[in-house]
Amino acid sequence: MDVQPEVRTNPADAVNQKARRRRKSLFKKASEYSSECNADIHLVLRMKKSGKIFVLASNTKDWPLSQHQLRSYHPTPIQMYPGDTESKP
């Protein structure tokens, strides 16, 4: 009976791997939403610790709109915050 050596996973590596999987999933969902719902998507993620920026833009010709364009857009854009995505009883 062969005994495999125990493989130790660095906790930081596990956290980074989880973050990569979640980022990939988020971008995939946003891309699917864009194509299935005929919507322009501009998603920007900035990693707080490293400062790395990841961007997904479904329409690079017209998007992203500037802050001025967003404020003057009609109907007024809906500002969403992290707590807005949680289910409410």
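The values are calculated or read from the model by the stated rules, or taken from the named source; none is laboratory data. Nothing here was measured: the structure is a model prediction, and the numbers come from that model. Positions of Cβ are backbone-derived with ideal geometry, glycine not excepted, and every protein chain shown enters the neighbour counts. What goes into the accessible areas is simple: the full protein's heavy atoms, side chains included, and nothing from ligands, DNA or RNA. Shrake-Rupley method; radii C 1.70, N 1.55, O 1.52, S 1.80 Å.
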Given points 7 Å out from each Cα along the Cα-Cβ axis, report the Cys37 to Asn10 separation in nanometres with one decimal. 3.8
Which one, (1) 16, 29, 21, 16, 10, 4, 2, 1, 0; (2) 16, 47, 27, 9, 1; (3) 12, 31, 31, 14, 7, 4, 1, 0, gives P(r) over Cα pairs in 10 Å bins from 0, in percent as derived from the coordinates shown? (3)
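For the chain, what is the mean residue ellipticity at 222 nm derived from helices alone (per DSSP H run of n ≥ 4: -39500 (n - 2.57); sum divided by total residues; nearest 500 deg cm²/dmol)? Present the calculation step by step, with values, prior to reporting the outcome.
Values: 2 runs with 32 residues, N = 89.
My calculation for the chain gives -12000 deg cm²/dmol from helical runs alone.
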Tell me, what HN-Hα J-couplings in whole Hz come from the Karplus equation 6.51 cos²θ - 1.76 cosθ + 1.60 at θ = phi - 60° for each residue of the stretch 48-57, using x for Gly and Pro? 4, 6, 8, x, 4, 10, 10, 10, 10, 10
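Accessible area per residue for the chain in Å², computed with a 1.4 Å probe and the full protein assembly in place, what is it? Intermediate results must be reported in sequence, preceding the final value.
Numbers: 8710 Å² over 89 residues.
Per-residue value: 98 Å².
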Show me, for the stretch 11-26, the HN-Hα J-couplings you get by feeding each phi into the Karplus relation (A = 6.51, B = -1.76, C = 1.60, θ = phi - 60°), rounded to Hz, glycine and proline as x. x, 5, 5, 5, 5, 5, 5, 5, 4, 4, 5, 5, 5, 4, 5, 4
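About its Cα centre, what dipole magnitude does the chain give when the only charges are +1 on Lys and Arg Cβ and -1 on Asp and Glu Cβ, stated in debye to the nearest 20?
Working: 16 positive and 9 negative charges, 69 e Å.
For the chain, the charge dipole is close to 340 debye.
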